[in-house]
Amino acid sequence: MATKQDQRYIQIAKACLKALNQAAANPAEREKSIQDVYDAIDTAFNKQTALIQRELQTANNALEQIRDNTINLHDAQKIAADTVEALTTVIPGKGLH
């Protein structure tokens, strides 16, 4: 079963391949087809950037909660564990492929 990061990579690849296949099927509109490929990549990239921004905010909120509250170690560990579980972006060192 593909990981979440693999699934995101596959989504981007499929969007690009779909646009390329449409380009090959209609050579008369080659320039438009090429632009469609760029648009597909831009859309996929923007979706991924938005995801990363949301996850950064999630992590920041958890750190602020730990910083601003007088909590015990167990509560801090629970906040950390819940936040790690909620995050789905690429882990440094693992990459996509």
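The values are calculated or read from the model by the stated rules, or taken from the named source; none is laboratory data. Since the structure is predicted, the reported quantities are computational estimates derived from the model, not experimental observations. A quick note on method: Cβ atoms are made from the backbone with ideal geometry, for glycine too, and the neighbour counts reach across all protein chains shown.
Taking T89 as meeting all but one of (1) β-branched (V, I, T); (2) modelled with pLDDT of 85 or more; (3) in contact with a Leu (Cβ under 9 Å, 6 or more places away or on another chain), write down the number of the exception. Against the list (1) β-branched (V, I, T); (2) modelled with pLDDT of 85 or more; (3) in contact with a Leu (Cβ under 9 Å, 6 or more places away or on another chain), T89 comes up short only on (2). With respect to (1) within 23 Å of I10 (Cβ to Cβ); (2) of a type in the set (D, E); (3) surrounded by 12 or more Cβ atoms within 10 Å (Cβ to Cβ), the lone exception for D42 is condition (3).
Look at (1) more than 14 Å from the chain's Cα centre (by Cα); (2) modelled with pLDDT of 85 or more; (3) exposed (fewer than 13 other Cβ atoms within 10 Å of the Cβ) and you find that L56 fails only one, number (1).
Suppose the filter is at pLDDT 80 or above, over 15 Å from the mean Cα position of the chain (by Cα) and polar (S, T, N, Q); does N46 pass it? For N46, the condition - at pLDDT 80 or above, over 15 Å from the mean Cα position of the chain (by Cα) and polar (S, T, N, Q) - is not met.
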